[in-house]
1. Connecting C-alpha atoms closer than 10 Å in a GNM of the chain, tell me which of Gly235, Gly192, Gly181 has the biggest fluctuation.
2. Would you please classify the overall shape of the stretch 125-255 from the alpha carbon gyration tensor, given that a ≥ b ≥ c denote the square roots of the eigenvalues, rounded means a/c under 1.5, and beyond that prolate means a/b larger than b/c while oblate covers the rest?
3. On a straight-distance basis, which lysines could pair with Lys239 in a cross-link, Cα separation under 26 angstrom, same-chain partners fewer than 8 positions away excluded?
4. Using heavy-atom solvent-accessible surface (probe 1.4 Å) with all chains present, what is the largest-first order of Arg28, Arg97, Arg155, Arg191?
5. Roughly how many nanometres apart are two label points built 7 Å out from the Cα toward the Cβ at Gln204 and Val253?
6. Length gain on complete extension for the stretch Ala69 to Gln151, per 0.36 nm per residue less the alpha carbon to alpha carbon distance?
7. So which residue, out of Ala53, Ala19, Ala182, gets the largest mean-square fluctuation from a GNM of the chain using Cα contacts under 10 Å as springs?
8. Net charge near Ala79, counting Lys/Arg +1 and Asp/Glu -1 over other residues with Cβ under 12 Å of its Cβ?
Amino acid sequence: MRKPIIAGNWKMNKTIAEAVELVRAMRRDLNAIESVESVVCPTFIALPAVADALAGTKIAVGAQNMFWAEQGAYTGEIAPGMLAGLCQYVILGHSERRQFFGETDEGVNKKAHAAFKHGLVPIIAVGENLAQNQAGETDQVVRTQVTGALQGLSREQVASLVIAYEPIWAIGTGLNAEPAGAARVIGVAIRGAVAELYDEATAQAVRIQYGGSANAANIADFMAMPDIDGALVGGASLKADSFVEMVKATARVRG
Ligand code: 13P
């Protein structure tokens, strides 16, 4: 059984003080929910304070990115070993990183290997843009991204990681994908690609989230789809009420 996972990607939002305030406002409610895993992904500089505020709870912490090298002359970057101990998850290949910072499938793959080496679980983000969606290229695009990202990873590693299907046209637009359509991409294209690359058991083990204008009002419709294992949430994760409600709604539907 795949445990649903709701992760808040705070992107470039919240000062350290605001980040701590947000997790303090959510931690008791989130920690009381057994059947859903909750994760918060603050900025790098807020990670230590957020990790401190969540110590002793079941709420996991994730980074939004990292570099693959162990250390060295990479101005502005953060190494995997610097994150180990501060967080359990790391988002890799978010479309905003692909769009604004030149992230490639090859880079995501190097980062995934580096994450496992340091005991971090990757949340690998994939998804098509509007033009690709309208051209009917969605399945091909996500299959290519998944195949590139997973190169050389073991069955056990793939079974333990998380994939987030985030159609770019749905991110921050208020235009969420239709749940049945997202479930088809997740179940057929993404899980199908994992089954072809590995085997059916691995494909059935990997957790695949939906992301893109997911919120407290629509999360239950996504979670009603058995192939969707949770959500990667941007805007709606920045307020305690809406994020807690999303985790509660997921527990109601799937708990
Ligand atoms: P929104 O929930 O704001 O659309 O962002 C989704 C996202 O990109 C999460 O990584």
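The values are calculated or read from the model by the stated rules, or taken from the named source; none is laboratory data. Computed from a prediction, not measured in an experiment: that's the story for all the values here. No Cβ is skipped: glycine too gets one built from the backbone with ideal geometry, and neighbour counts run over all protein chains shown. When the accessible area is computed, the model is the full protein with side chains, heavy atoms only, and any ligands, DNA or RNA have been set aside. Shrake-Rupley method; radii C 1.70, N 1.55, O 1.52, S 1.80 Å.
1. Of Gly235, Gly192, Gly181, the Gaussian network model singles out Gly181 as fluctuating most.
2. oblate
3. Result set, ordered by chain and number: Lys3, Lys11, Lys14, Lys58, Lys248.
4. Ranked from most to least accessible, the order is Arg28, Arg155, Arg97, Arg191.
5. Result: 2.3 nm between the two label points.
6. 27.8 nm
7. Taking springs between Cα atoms under 10 Å, the residue moving most is Ala53.
8. 0
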